[in-house]
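**Q** Supplied in structure tokens, the structure appears directly below.
Just so it is clear, none of the values below were taken in a lab; they were calculated from the coordinates. What you see is a predicted model, and the numbers here were worked out from it, not measured in a lab. Note that each Cβ is placed from the backbone with ideal geometry, even for glycine, and that neighbours are counted across all protein chains shown.
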Amino acid sequence: MLLVGCDHGKRRVEPRPPPAPPQSFVALDREQQRLVRDYQPVSAALTGYELSFRDWRLGLLSQDELLRRAAAYREVVDNAAELIRGDPATGETRRAKRLLLTGLRARRTALAALPALARYQAAWDRSVVNARRALTLMQDVRDRARLIPLPEDAVS
């Protein structure tokens, strides 16, 4: 005796939609350059903030002064996040954009945690990791498209 089962059409799989046409090199470059340009103020202001943080750790800067400088840097981070949110991104660049925004949120969390160093350090480390991941992802996309690499200090 032979028994045949029936799934009543539940296992039917709809065909996947065709992939989107590849993005032009010019469009890809503009998309990524816009993200980097909008993130750039964060990288540019980082050195000054890090020097202030170091001076505070060495006792050369008061806690009130550090908090004032951290608040100023947090404004730069917030402005960059707002600009990046408005940037269009497609494909893998969309993932890089999400990583940048996640990193900026972590950086904001770190700055708000001061002077609690344990909370600060964990959030700061996450921000650095996400920024580097975003840059690496964009570099990989650019390598495959044979575009000129982004500067290594474009995202920090």
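**Q** For region 73-156, what does the relative contact order come out to in percent, with C-alpha contacts under 8 Å and a separation of six or more?
**A** Across region 73-156, relative contact order equals 28 percent.
**Q** I've got another one for you. Given a cut-off of under 8 Å on Cα pairs at least six residues apart, what relative contact order in percent is computed for the chain? Intermediate values should be presented prior to the final figure.
**A** Details: 135 pairs, mean separation 39.3, N = 156.
Across the chain, relative contact order equals 25 percent.
**Q** Which is the longest part of the chain that has none of the trypsin sites (Lys or Arg not before Pro) sitting in a DSSP loop with at most 14 other Cβ atoms within 10 Å?
**A** Values: sites that count: K10, R11, R12, R146.
By the stated rule (loop sites, at most 14 other Cβ atoms within 10 Å), 13-145.
**Q** Here's something else I'd like to know. Quickly estimate the mean residue ellipticity at 222 nm for the chain, helices only: each DSSP H run with n ≥ 4 gives -39500 (n - 2.57), and the total goes over all residues, rounded to 500. Provide the component values of the computation, followed by the final result.
**A** Details: 4 runs with 108 residues, N = 156.
Value at 222 nm, helices only: -24500 deg cm²/dmol.
**Q** Please arrange I84, I148 by how many other C-beta atoms lie within 10 Å of their C-beta, fewest to most.
**A** Working: I84 22, I148 7.
Listing I84, I148 from fewest to most nearby Cβ atoms yields I148, I84.
**Q** Of the listed values (1) 2, 9, 18, 22, 21, 16, 7, 3, 1, 0, 0; (2) 2, 9, 16, 18, 13, 10, 8, 6, 5, 4, 3, 3, 2, 1, 1, 1, 0, 0; (3) 2, 8, 17, 19, 17, 13, 10, 6, 3, 1, 1, 1, 0, 0, grab the one calculated as P(r) over Cα pairs in 5 Å bins from 0, in percent from the structure here.
**A** (2)
**Q** Nearest 20 debye, what's the magnitude of the dipole of region 25-145 about its Cα centre given +1 on Lys and Arg Cβ and -1 on Asp and Glu Cβ? List each step's numbers first, then the result.
**A** Numbers: 22 positive and 15 negative charges, 69 e Å.
So the magnitude is around 320 debye.
**Q** Between I84, Q23, A106, whose Cα lies farthest towards the positive end of the dipole of the chain when Lys and Arg beta carbons carry +1 and Asp and Glu beta carbons carry -1, centred on the Cα centre?
**A** The listed residue farthest towards the positive side: Q23.
**Q** Indicate the gyration tensor shape class of region 69-123 (rounded, prolate or oblate), computed on the Cα atoms with a ≥ b ≥ c the square roots of the eigenvalues: a/c under 1.5 is rounded; otherwise a/b larger than b/c is prolate and the rest oblate. The partial results should precede the final answer.
**A** Working: a/c = 5.28, a/b = 1.87, b/c = 2.82.
It comes out oblate by the Cα gyration axes.
**Q** Put +1 on the Cβ of each Lys and Arg and -1 on the Cβ of each Asp and Glu in the chain; which of A145, G59, L117 then has its Cα farthest toward the positive end of the dipole?
**A** A145
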